[in-house]
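Just below is one structure, and these are the notes that go with it.
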Amino acid sequence: MVHLIDRRVQGKNKSAPNRERFLRRYKGQIKDAVARAIKGRSITDFESGENIRIPVKDVNEPTFGHDRGGVWETVQPGNKEYLKGDQVARPKGGAGAGKGQAGNSDELSEDDFIFQLSREEFMNYFFEDLELPNLVKTQLASTTDFKSQRAGYKTSGTTSSLHVLRSLRGALGRRIAVGGKSARRLKQAEMEMAELLRKSPDPDHMDEHIATLKHEIHHLRTRLLAIPFIDPFDLRYSNRVKVPKPSTQAVMFCLLDVSGSMDEAKKETAKRFFILLYLFLTRAYEKIDVIFIRHHTAASEVDENEFFHSRESGGTIVSSALNLLTQIIQERYPSGDWNAYVAQASDGDNWDNDSVTCRQLLINTIMPLVQYYAYVEITEGEPQNLWQEYTQVPEHHAHFAMQKIRTPADIYPVFRELFKKQTK
């Protein structure tokens with residue numbers, strides 16, 4: 001029998017291939033377990049792992065055994081009731097020994113199979129069926145920008161790309177390699193000539209030897225002088241190649257109402273929704289910009305920290321945020337090059353006249369510029385005037401979605417409903 005031993009290094013997890021096969025095989029059961037697990041979790045600990053519980057009956061694997069074959073007759077010890085050929089009566093109802101709850105009886109039962117999902121695995125299962133709707137426009141292919149980047153040197157090119165230092169270094173190396181032996185012999189011959197001229201005990205003999213050395217020295221010097229200081233072979237040119245440059249093709253706008261009508265509980269719920277949204281975006285898409293806009297009577301573009309933690313408040317003019325949104329899209333994110341998405345969170349309390357203005361801005365200006373607009377209203381009571389105006393927007397633009405969040409427990413269902421994968 002041949003035994004194969006896998007000695008590949010796999011870090012701390014020594015059974016990574018087995019774990020991957022297990023996750024693939026029981027994907028359905030794990031997704032159901034993740035769905036059950038997230039109901040009792042808060043977003044603050046969302047990025048941690050989770051203990052997943054799967055019934056043992058769902059992880060049983062088929063096994064192969066050796067059949068005895070043929071016809072067998074056996075005698076069971078302790079049989080006092082039956083003989084060969086007797087028929088066994090069917091047990092009465094309820095008399096079977098099924099595997100129910102053991103309770104306090106002596107019966108044995110099996111616990112559920114429990115294992116730990118890592119942070120990455122848990123997030124993969126949670127976000128698996130989510131996406132940004134209509135991310136790729138039909139008329140917009142994913143354009144790839146290129147940037148010029150140095151990639152060593154080459155032996156041909158334009159004069160402007162000539163690398164002088166690298167060329168001189170190559171010329172010096174060539175002269176050393178070609179004339180090194182001649183230079184060493186020239187130095188040795190000159191030392192011999194000086195020694196002979198100093199001693200000269202036999203002038204006749206020395207004259208002949210000196211003449212030979214002079215001829216050799218002259219030949220060596222001529223040979224060294226014939227080596228060019230720089231040769232076309234030495235020239236090196238800077239080589240530049242074009243490499244793909246990451247370019248953001250989608251931008252997500254997060255609009256948060258921080259007016260006085262938004263109490264701390266509502267703001268906290270909105271913040272949790274945007275935290276989840278931001279986590280989803282940065283995980284699902286590498287090429288995306290996220291713009292944070294907070295508003296009360298006036299709107300401003302802020303960074304992530306100020307968006308979530310600033311305590312500034314005031315009245316409510318939602319149109320200020322929509323005007324700023326329109327301005328940013330037109331100046332920095334033209335619709336021909338970008339896919340723009342908007343998520344707005346508010347309690348719906350707004351000036352009546354301003355709500356009408358918001359509806360008109362959405363229908364006439366904003367919706368033609370964006371791929372998807374999601375409005376989340378955080379309220380425990382009846383819909384506010386902003387919600388009533390927004391209900392007219394889907395009649396003109398189908399890519400406008402609305403949902404309500406009444407309690408923090410609604411954050412996950414609303415989020416999944418807004419960003420579920422589109423069925424064709």
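When each of the peptides 215-223, 366-374 is scored by how many other beta carbons lie within 10 Å of its residues on average, the order from highest to lowest is 366-374, 215-223.
Taking the Cβ-Cβ separation of Arg240 and Lys421 as r and a Förster radius of 35 Å, what is the calculated FRET efficiency to the nearest 0.05?
0.25
Using the average count of surrounding beta-carbon atoms within 10 Å as a protection proxy, the listed peptides 349-356, 153-160 rank, highest first, as 349-356, 153-160. Counting only protein heavy atoms and using a 1.4 Å probe, the accessible area of Arg416 comes to about 60 Å².
By the Stokes-Einstein formula, at 0.692 mPa s and 37 °C, the range 350-396 with its Kirkwood radius over alpha-carbon pairs has D equal to 290 µm²/s. DSSP beta bridges fully contained in the range 236-379 are about 15 percent antiparallel.
Measuring between alpha carbons in the structure, the pairs from Lys271/Lys420; Lys242/Lys287; Lys266/Lys287; Lys27/Lys287 lying more than 22 angstrom apart are Lys266/Lys287; Lys27/Lys287. Between Val290, Pro413, Asn353, the Cα set farthest toward the positive side of the dipole of the range 280-424 (charges on each charged residue's Cβ, about the Cα centre) is that of Pro413.
With all protein chains in place and a 1.4 Å probe, the accessible surface of the range 276-424 carries 44 percent carbon and sulfur. Charge tally for Ser261 (other residues, Cβ to Cβ under 9 Å; Lys, Arg +1; Asp, Glu -1): -3. For the range 285-401, just say rounded, prolate or oblate: build the C-alpha gyration tensor, square-root its eigenvalues into a ≥ b ≥ c, call rounded for a/c under 1.5, and beyond that prolate if a/b exceeds b/c, oblate if not. Oblate.
Close amide H pairs (under 5 Å, H built 1.01 Å from N) link Trp351 with Val318, residues at least 5 positions away or on another chain.
Normalised per residue, the accessible area of the range 304-424 is 47 Å², obtained with a 1.4 Å probe and no contribution from ligands, DNA or RNA. Of the GluC sites (Glu not before Pro) found in the range 338-421, those in coil by DSSP whose Cβ has at most 16 other Cβ atoms within 10 Å are Glu380, Glu395. For the range 376-387, the Karplus equation 6.51 cos²θ - 1.76 cosθ + 1.60, evaluated at θ = phi - 60°, returns couplings of 10, 9, 9, 7, 9, x, 6, x, 8, 5, 5, 5 Hz by residue, with Gly and Pro reported as x. Rolling a 1.4 Å probe over the protein heavy atoms leaves Met191 with an accessible area of roughly 120 Å². Legend: residues Val414, Val243, sorted from most to least accessible area (1.4 Å probe; ligands, DNA and RNA excluded), read Val243, Val414.
Karplus-derived 3J(HN,Hα) values for the range 223-239, using 6.51 cos²θ - 1.76 cosθ + 1.60 with θ = phi - 60°, are 5, 5, 5, 6, 6, x, 5, 9, 10, x, 5, 7, 5, 10, 10, 5, 9 Hz; glycine and proline are entered as x.
Put simply, the amide H of Ala340, placed in the peptide plane, has neighbours under 5 Å in Val251, Gln371, leaving out anything fewer than 5 places away on its chain.
The values are calculated or read from the model by the stated rules, or taken from the named source; none is laboratory data. All values reported here derive from a predicted model rather than from experimental measurement. So basically every Cβ, Gly included, is an ideal-geometry build from the backbone, and we count neighbours across all protein chains shown. Side chains included, ligands, DNA and RNA excluded: accessible areas come from the protein's heavy atoms. Shrake-Rupley method; radii C 1.70, N 1.55, O 1.52, S 1.80 Å.
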